[in-house]
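Participant: Take a look at the following structure, please.
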Amino acid sequence: LQQNVLFRHMDKEQLVTVQGAMCLVEKEEADSIIRQGDDGDFFYIIDRGEVNVYITSGENDDATDEQKEEPEQQLVASYGEGDSFGELAIMYNAPRAASCIARTDVRL
């Protein structure tokens, strides 16, 4: 936790309190962690591994079948040990703005 910018200022007792509110999540390479458009329910901190962040574009619900394109995923960020993600959907009570996929086996 101390590697993460959000928790660097905390003393040991505060870190223990925060850690007590967390739960361990482990995912394998290529597993989906967050899907763009889903409700935000968790905030993640990477303990081990790497995560890629993608934004899907090209979806148009008003288009006819002939006009619809395959959605295109664009890599917009990569995160590693100590990084965090998923906070925006929780802070703003908004749908997930991107999809997060495990680039390697990860421990969150």
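Participant: For the chain, what is the calculated [θ] at 222 nm in deg cm²/dmol (nearest 500), taking -39500 (n - 2.57) for each run of four or more DSSP H residues and dividing by its residue count?
Facilitator: Value at 222 nm, helices only: -3000 deg cm²/dmol.
Participant: Relative contact order for the chain using alpha-carbon pairs under 8 Å, separation at least 6, rounded to a whole percent?
Facilitator: The normalised contact order for the chain reaches 42 percent.
Participant: At a 1.4 Å probe radius, which order do ILE90, ILE45 fall into by accessible area, largest first?
Facilitator: Sorted by accessible area, descending: ILE90, ILE45.
Participant: Next question, about the same structure. For the pair PHE43 and GLU26, how long in nm is the line joining their label points, each one 7 Å along Cα→Cβ?
Facilitator: The modelled label-to-label distance comes out at 2.5 nm.
Participant: Right, here's the next one. What is the distance in Å between the Cα centres of the stretch 15-58 and the stretch 71-86?
Facilitator: A separation of 10 Å, based on Cα centres.
Participant: How far, in nm, would the chain grow between MET10 and GLU50 when pulled straight, counting 0.36 nm per residue and subtracting the alpha carbon separation?
Facilitator: 11.9 nm
Participant: How far apart, in nm, are two points set 7 Å out from the Cα along the Cα-to-Cβ line at ALA77 and at THR104?
Facilitator: Result: 2.0 nm between the two label points.
Participant: Using protein chains only and a probe of 1.4 angstrom, how many square angstrom of CYS23 are accessible, to the nearest 10?
Facilitator: Accessible surface of CYS23 is approximately 80 Å².
Participant: Next question, about the same structure. What number comes out for accessible area per residue over the chain if the probe is 1.4 Å? Units Å², please.
Facilitator: Heavy-atom SASA per residue in the chain reads 72 Å².
Participant: At ILE90 and GLN2, where each label point lies 7 Å from the Cα along Cα→Cβ, what is the point-to-point distance in nanometres?
Facilitator: Result: 2.2 nm between the two label points.
Participant: Note down the accessible area of MET22, probe 1.4 Å, to the nearest 10 Å².
Facilitator: For MET22, the solvent-accessible surface is approximately 80 Å².
The values are calculated or read from the model by the stated rules, or taken from the named source; none is laboratory data. Quick caveat: nothing in here was measured; it's all calculated off a predicted structure. Counting neighbours? That spans all protein chains shown, and the Cβs are built from the backbone with ideal geometry, glycine included. In case anyone asks, the SASA skips ligands and DNA or RNA and just uses the protein heavy atoms, side chains included. Shrake-Rupley method; radii C 1.70, N 1.55, O 1.52, S 1.80 Å.
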